[in-house]
Amino acid sequence: MIRFRCGGCGATMESPQSMGGEVETCPECGSELRVPKPARTATAAPESPAEPPAPRLQHRKSHARLIMLLVGIGVLLAAGWITWRCLNADAQIIIQEVSGWVFFLFCVLAILYLFFSIPGWIARSRRLPNADGIETMGLLGMLFLPLWLVALILALAGTPRPYDFAIAARRPCPECGESIARTARKCRFCGAAV
């Protein structure tokens, strides 16, 4: 038999162990309450309370793309420098001009990448659920400028995904299954020490 108290009137009640976790009506006050689960035996392994899912970390793909772009341009610049060193003086002047244009092009591409990544950065900082799509749309804006404007509007006007602190601060009671505070030492529903 399981002995427990009614949360409404404080009357002591008894139920068979098979009723553990079921809802029962108090004969004194008529309120419905959950019968606590029977105590675990020493041989049973204790169940760990279900943990709420941890907030998911966003994977940053944009940095990988930027690094690949920088490495590719660095390889081109290194190949140009080696060629410049190996050629004669007349060809060195041509290589210097080409190297200057390559460096200029690198700077322009880096600035364009940073500029067209702004909607994606805004969407990630605001924790928008569609941040990846906004980032992709912003980068495609290099080809078609209205896409960048749409991505910027979506990043600024989108509704951020809220983090529910109330759910993260609660856990189920191992005895009765009711939701209790994560830091609770005693269940307020069944009175079991947790």
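Quick grid of which residues meet (1) charged (D, E, K, R); (2) in contact with a Pro (Cβ under 9 Å, 6 or more places away or on another chain); (3) closer than 30 Å to Met19 by Cα:
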site: Ile111; (1), (2), (3): no, no, no
site: Ile118; (1), (2), (3): no, no, no
site: Ile122; (1), (2), (3): no, no, no
site: Asn130; (1), (2), (3): no, no, no
site: Leu145; (1), (2), (3): no, no, no
site: Glu175; (1), (2), (3): yes, yes, yes
site: Thr183; (1), (2), (3): no, no, yes
site: Gly191; (1), (2), (3): no, yes, yes
site: Val194; (1), (2), (3): no, yes, yes
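In the range 82-194, counting only helices (runs of 4 or more DSSP H) that sit wholly within it, the ones holding 2 or more residues that are at pLDDT below 90 and more than 31 Å from the chain's Cα centre (by Cα) span 89-116. I'm checking my understanding of the structure. Among residues of the range 25-42 that are over 15 Å from Glu175 (Cα atoms) and in contact with a strand residue (DSSP E or B) (Cβ under 6 Å, 6 or more places away or on another chain), which one is surrounded by the most Cβ atoms within 10 Å (Cβ to Cβ)? Within the range 25-42, the match that is surrounded by the most Cβ atoms within 10 Å (Cβ to Cβ) is Thr25. Any residue that is more than 23 Å from Leu70 (Cβ to Cβ) and touching a Leu at 6+ places or on another chain (Cβ under 8 Å) - is there at least one of those in the range 163-180? No, the range 163-180 has no match at all.
Among the residues making up the range 167-194, those that are charged (D, E, K, R) and surrounded by 14 or more Cβ atoms within 10 Å (Cβ to Cβ) are Arg170, Arg171, Glu175, Glu178. For the residues Ala123, Ala131, the requirement of being within 14 Å of Leu152 (Cα to Cα), surrounded by 13 or more Cβ atoms within 10 Å (Cβ to Cβ) and touching a residue at least 60 places away in the same chain (Cβ under 8 Å) singles out Ala131.
Scanning the range 10-20 for residues that are modelled with pLDDT under 80 and assigned to a loop (DSSP other than H, G, I, E, B) turns up Gly10, Ala11, Gly20.
The values are calculated or read from the model by the stated rules, or taken from the named source; none is laboratory data. Remember, it's a predicted structure, so these values are computed and weren't measured experimentally. Every residue, glycine as well, gets a Cβ built from its backbone with ideal geometry; the counts of neighbours run over all protein chains shown.
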